1. In which sequence would 148, 98 go, from the one with the fewest C-beta neighbours within 10 Å to the one with the most?
2. Over the Cα atoms of segment 6-89, how large are the radius of gyration and the largest Cα-Cα distance (Dmax), in Å?
3. Sort the following peptides by mean Cβ neighbour count (other Cβ atoms within 10 Å, averaged over residues), highest first: 75-87, 129-141, 153-165.
4. Please state, to two decimals, what the Cα-based radius of gyration of segment 102-189 comes to when divided by 2.2 N^0.38 Å (N = residues).
5. Taking a quarter of the surface of the convex hull around the Cα atoms of segment 33-173, what do you get in nm²?
6. Can you tell me what share of the DSSP beta bridges in segment 43-189 is antiparallel? A percent to the nearest 5 is fine.
7. Report, in deg cm²/dmol and to the nearest 500, the calculated mean residue ellipticity at 222 nm for the chain, where each DSSP H run with n ≥ 4 adds -39500 (n - 2.57) and the sum is divided by the residue count.
8. What relative contact order, as a whole-number percentage, does segment 110-189 give when Cα pairs under 8 Å and 6 or more residues apart are counted?
Amino acid sequence: MITVGILNLQGAVSEHYDITKEAINNLNFDCGIRIVRYIEDLSGCDGLIISGGESTVIGKLIQKRGIDKYIHENNLPIFGTCAGLVLMANKLDHEQPVLNLMDMEVKRNAFGSQKNSFEEEIEIFGDKFQGVFIRAPSIVNVSGDIEVLSKLNDVIIAARDGKNLAISFHPELTEDTRLHEYFIKSLLD
Ligand code: GLN
């Protein structure tokens, strides 16, 4: 049995909880979900989902609670969406705490402000997805072993590094469970 954690510090947490539950149902295997607020909640987690929200707030709390240290020491796979992606960067256009998990440079609010939010069809692994972009970040460049998974008008919006998966949009705001299923399945390897 594996357990997937959902970080609950700030942001679109309940949406991730619901869609993760749905993804586990679809996969039809033994996987628990754990809401993670403190470092103690992480023990036994095989992966962690970091939601969208305010990356400044989430990042500060992650640092304050020592969650960043735990992630690094235990090589915990992360699935980050939007603000979650911002936190996975090792280079950012803002001064704020990040996890330094992936060798990529990220720009916050790269597509404009809240009122410039949009939906656009995108492609990952050859499949089409409905991308919901809300003050979304972009990946300016990647290096090392990072694999670019998707671009929107030449701008990188999804990447992976081993089991770490970073996407700049919000699958949890759609009914589409495929990316959550993909992340959960990757935890079995
Ligand atoms: N712009 C936000 C940030 O950088 C992310 C927005 C979101 O998660 N929808 O924190």
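1. Working: 148 14, 98 20.
Neighbour counts put them in this order, fewest first: 148, 98.
2. 12.3, 36
3. Working: 75-87: 25.7, 129-141: 20.9, 153-165: 18.5.
Per-residue Cβ counts within 10 Å, averaged per peptide and sorted highest first, yield 75-87, 129-141, 153-165.
4. Numbers: Rg = 12.8 Å, N = 88, 2.2 N^0.38 = 12.1 Å.
Expressed relative to 2.2 N^0.38 Å, the Cα Rg reads 1.06.
5. Details: hull surface 33.0 nm².
Its Cα hull, projected and averaged over all orientations, spans 8.2 nm².
6. Values: 21 of 30 bridges.
Expressed as a percentage, antiparallel bridges in segment 43-189 total about 70.
7. On the way: 5 runs with 47 residues, N = 189.
Here the helix-only value at 222 nm equals -7000 deg cm²/dmol.
8. Numbers: 122 pairs, mean separation 18.7, N = 80.
Answer for segment 110-189 is 23 percent.
Laboratory data are not the source of any read-out in this text; all were calculated from the coordinates shown. The model shown is predicted, which means the values in this text are computed figures rather than measured ones. Methodologically, a virtual Cβ is constructed for each residue, glycine included, from the backbone with ideal geometry; neighbour enumeration extends over all protein chains shown.
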